[in-house]
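Values in this text are rule-based calculations from the coordinates and carry no lab data. Because the structure is a prediction, the values reported are computed rather than measured. Glycine gets a Cβ as well: all are built from the backbone with ideal geometry, and neighbour counts include every protein chain shown.
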Amino acid sequence: SAVISQKPSRDICQRGTSLTIQCQVDSQVTMMFWYRQQPGQSLTLIATANQGSEATYESGFVIDKFPISRPNLTFSTLTVSNMSPEDSSIYLCSAGDRGQFFGPGTRLTVL
Amino acid sequence: KNEVEQSPQNLTAQEGEFITINCSYSVGISALHWLQQHPGGGIVSLFMLSSGKKKHGRLIATINIQEKHSSLHITASHPRDSAVYICAVMEETSGSRLTFGEGTQLTVNP
């Protein structure tokens, strides 16, 4: 099994600013993913974080808005750039060859 | 039509009741997850299934691959079981990416 931690756990940000969310796994994993859960909605995959190469983004998500880093097999970051109130969501990191381990989430509120 | 559909969307039960949450999907899958999400937002993986049945404590998960259907059962429900339960499938053609159902909000009253 793997334990995933995320920082920050929550934040309140002003419109137009950026926030970087960190995801740390306690063991090396091949696959890491970033999801968004908007209020009252299900989870939606933003991108797959690939170690040593650019992230693979899902339709509707672009690198300029959600830049992702994956410097090694235990760590990834997601940045939410130029935030607007529509970006208010829970952002979740998951990992594992079957995507089966989840972080505690980061609850973001944009004013 | 969503690829993963759950029913019911909301469920209220009395403590001690037997609870069933259903999940139907329309794509070929390599695995199905049942997840639990508490109000703080964090998600816990309860089960990962590719066939048959799994049991952990008071929780039982079953899957019928031919019928593209899975159920999550909770026996002797307790107020601490109150959470959102989410079904997620790993499609055969999508590697490790998950497609999620919309979740079932379970409230167990004492």
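Please give the charge dipole size of the protein assembly as shown, origin at the Cα centre, charges +1 on K and R Cβ atoms and -1 on D and E Cβ atoms. Round to the nearest 20 debye.
That gives a dipole near 340 debye.
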Study note, to complete from the structure: Note: the stretch B:10-91 at 25 °C, 0.890 mPa s; Kirkwood Rh on alpha carbon pairs; Stokes-Einstein D in µm²/s works out to 187 µm²/s
Point to revise | lysines whose Cα lies under 23 Å from that of A:LYS7, excluding same-chain neighbours fewer than 8 positions away | key: A:LYS65
Study note, to complete from the structure: When B:HIS73, B:HIS78 are ranked with the fewest other C-beta atoms within 10 Å first, the list becomes B:HIS78, B:HIS73
Revision key, fill the gap. Partnerless cysteines (no other Cys beta carbon under 4.7 Å) identified across the protein assembly as shown are A:CYS13
Study note, to complete from the structure: Among the stretch A:1-26, those whose backbone N falls under 13 Å of a label point 7 Å along Cα→Cβ from A:THR109 are A:10-14
Review point. For the pair B:THR93 and A:THR79, what calculated FRET efficiency results from E = 1/(1 + (r/R0)^6), where r is the Cβ-Cβ distance and R0 = 30 Å, to the nearest 0.05?
Key: 0.55
Practice item. Return the FRET efficiency for the residue pair B:VAL27, A:ILE63: r is the Cβ-Cβ distance, R0 is 30 Å, and the value is rounded to the nearest 0.05. Key: 0.65
Exercise for review: Quick one: order A:THR106, A:THR30, A:THR44 by neighbouring beta-carbon count within 10 Å, fewest to most.
Suggested key: A:THR30, A:THR44, A:THR106
Study note, to complete from the structure: Expressed as a whole-number percentage, the relative contact order of the stretch A:31-102 with C-alpha contacts under 8 angstrom and at least six residues apart is 36 percent
Check your understanding: If Lys and Arg each add +1 and Asp and Glu each add -1, what is the summed charge of the other residues whose beta carbon sits under 13 Å from the beta carbon of A:GLN37?
Key -> 0
Check your understanding: Per the Cauchy relation, a quarter of the hull surface: what is the mean projected area of the convex hull of the alpha carbons in the protein assembly as shown, in nm²?
Key -> 12.1 nm²
Check your understanding: Magnitude of the Cβ-charge dipole of chain B, K/R +1 and D/E -1, about the Cα centre, nearest 20 debye?
Key -> 260 debye
Check your understanding: From a point 7 Å beyond the Cα of A:GLN41 in the direction of its Cβ, which residues of the stretch A:66-108 have a backbone N at a distance under 19 Å?
Key -> A:66-68, A:78-94, A:105-108
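Take B:VAL4, A:VAL3 and order them by how many other Cβ atoms sit within 10 Å, fewest up front.
Fewest-to-most ranking of B:VAL4, A:VAL3: A:VAL3, B:VAL4.
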Review point. Which lysines, on any chain, are close to B:LYS68 with Cα under 16 Å apart, when same-chain ones fewer than 8 places away are left out?
Key: B:LYS1, B:LYS53
Point to revise | Spin-label model distance (nm) - B:GLU5 vs A:SER9, 7 Å beyond Cα toward Cβ | key: 3.8 nm
